[in-house]
1. Based on the Kirkwood radius over alpha-carbon pairs, what value in µm²/s does the Stokes-Einstein equation return for the translational diffusion coefficient of segment 265-336 at 25 °C and 0.890 mPa s?
2. Please report the antiparallel percentage of DSSP beta bridges with both residues in the chain, rounded to the nearest 5.
3. Any chance you could run the full-extension gain for PHE266 through ASP182? It's 0.36 nm times the residue separation minus the Cα-Cα distance, nm to one decimal.
4. Hey, rough spin-label estimate for LYS493 and GLN282, points 7 angstrom out along Cα→Cβ, what's it come to in nanometres?
5. In nm², what is the average projected area of the convex hull enclosing the Cα atoms of segment 109-263?
6. Which log10 I(q)/I(0) values does the chain give at q = 0.07, 0.10 Å⁻¹ under the Debye formula, counting every alpha carbon as one identical point scatterer?
7. Taking the C-alpha atoms of segment 345-427, how large are the radius of gyration and the largest Cα-Cα span, Dmax, in Å?
8. For ALA145 and ARG166, compute 0.36 nm times the residue count separating them, minus their Cα-Cα distance, and round to one decimal in nm.
Amino acid sequence: MPKAVDKSRLFILALVCSLAMLTSWTEAAPRQSAAVSADVQAHAAELLAARERWQTPLLDDLRQLCDTIGGRPTGSKACDRAVDWAVARFRAAGVESTWTEGYTIPGSWEGGADHAECIAPTQFPIRVVAGPFTVPTPNGQALEAPLVNAGEGSSESFARLGDKARGSIALVLSPEMKTEADLFAEYGRDGAMFAAARRAGVAAVMVQSSRPGVLLYRHPMGLGGDSLPIPAAMVARVHAARLARLAEQGEVRVRLELPSRVGGPFQARNVVAEIRGRELPQEIVLIGAHLDSWDLGTGAEDNGVNAAMVIDIARSFKALGIVPRRTVRFVLFTGEEQGLFGSEAYVLQHAQEMGQHVFMITFDTGSGHTSGFYLNGRADLRQPIDQALAAVPGFAADDDSVEAIDGTDNFDFLLSGVPNLIAKQEWAPYLPNYHAETDVYEAVNQGEARNNAALAAALVWGLAESPSRPAARQSRAEVEELLRNTKMDEQMKGLGQWQDWESGKRGVSQ
Ligand SMILES: [Zn+2]
């Protein structure tokens, strides 16, 4: 339970309302709105929150998604199965208006059975895993070469290696990742590091894992359609340290085999489910989460728990039989991990009705407690949140940040001027398991996952019920100013996204 949630109050509510609510919590036939009392509709926010806290199969769905379908990179069979599963879950929840929307991702990448070993001065196996969107070792075969220690991977440390670097396998050492700032620094290092590795002419790069022991994770080193031309892998932290010590004493030879498959454009699908509004059906409140994940773990924290939450909230609307004033869209994006392709496609495909999207909310930090929201440069979004949550005051989710975040599915909505929020969540248990083998069902904080669902359900309802439009859409000039004020323009330049905004390929046109 978050500190501020008044458990007893919610519990009493749950009891009082149980007669109205106790429909079977799995495949309940949706209640017909005509039969829903004015009382239920009037107390919908509290009822949704209570139901999410105690009565839904949220965690059963998550277990199915993680254990039965598993890790699901966009383009994999598992991701296709996840899309079909999500459609079936929305329909079983009574949301008949559920469909998929196809779009193209410019390039595919699939990891293979990676192997590495030290062959001199002594032989031992090295745990490695290829970096997404890096090319395979030549012909997918093993590459054998001397190892050079490229230190922390700066251009200076590569330059110091001189001719020795050409044709060798470069080892880059990493600090241990303990905070989100460390994680951002890890991403920030890559561009210059790989450019230096290319200039030095190395045959491959082995990057020390920033996680303890032998834990590995998929660390995107390129993006979809824009592969890094050097074979590159993460190496278990303890193995990299041993290799570095051996290299101080003499020549070390390593065999590295990364049979990744890099391919051309392919079709992917988003899932969209909709509950039409009773008074303003043309206006849309969207809650979204990405359904895709990396594949070493089963994508529980990133982002299965929140994908399951989006389905679960739709289920609760149907189970209670409540109909919001505005339309609510429940969207599961794919292609997020490859470079936000699913949400970009959604915004493009719905460009004509972007002006009717009155709010977009996304959750993408696992099951950490939600203490507030990233307002993404718009302090004016706090007031509509307060209004929407007035009926469930116990949540006190008001520890906001006006910082603008570039890196999850709100991005194209922000560029389009749509009021958008990202839940600001505690970093554990998301961070230590980020893209790693340990991102599995049991990593999830079940109590907080339920609280997050309760909060999100009440918020979506409140925004959809708001008597007037909760916040204005921004013009191109206003978005441009926001990008500069929040320094998001610099992040976008670093990530190669600025050109798309400048050219008008992405974002609001006027
Ligand atoms: Zn994510």
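No value in this document is a laboratory result; all are computed from the given coordinates. Model, not experiment: these values are computed from the prediction. Cβ atoms come from the backbone with ideal geometry, glycine included; neighbour counts cover every protein chain shown.
1. For the chosen part, D equals 186 µm²/s.
2. In the chain, approximately 55 percent of DSSP beta bridges are antiparallel ones.
3. Fully extending the segment from PHE266 to ASP182 adds 26.9 nm.
4. Each label point lies 7 Å from its Cα, and together they span 4.1 nm.
5. 8.2
6. After summing over all Cα pairs, the log10 values are -0.40, -0.77.
7. Values for segment 345-427 (Cα only, Rg and Dmax): 13.0, 38 Å.
8. Working it through step by step, the gained length comes to 6.5 nm.
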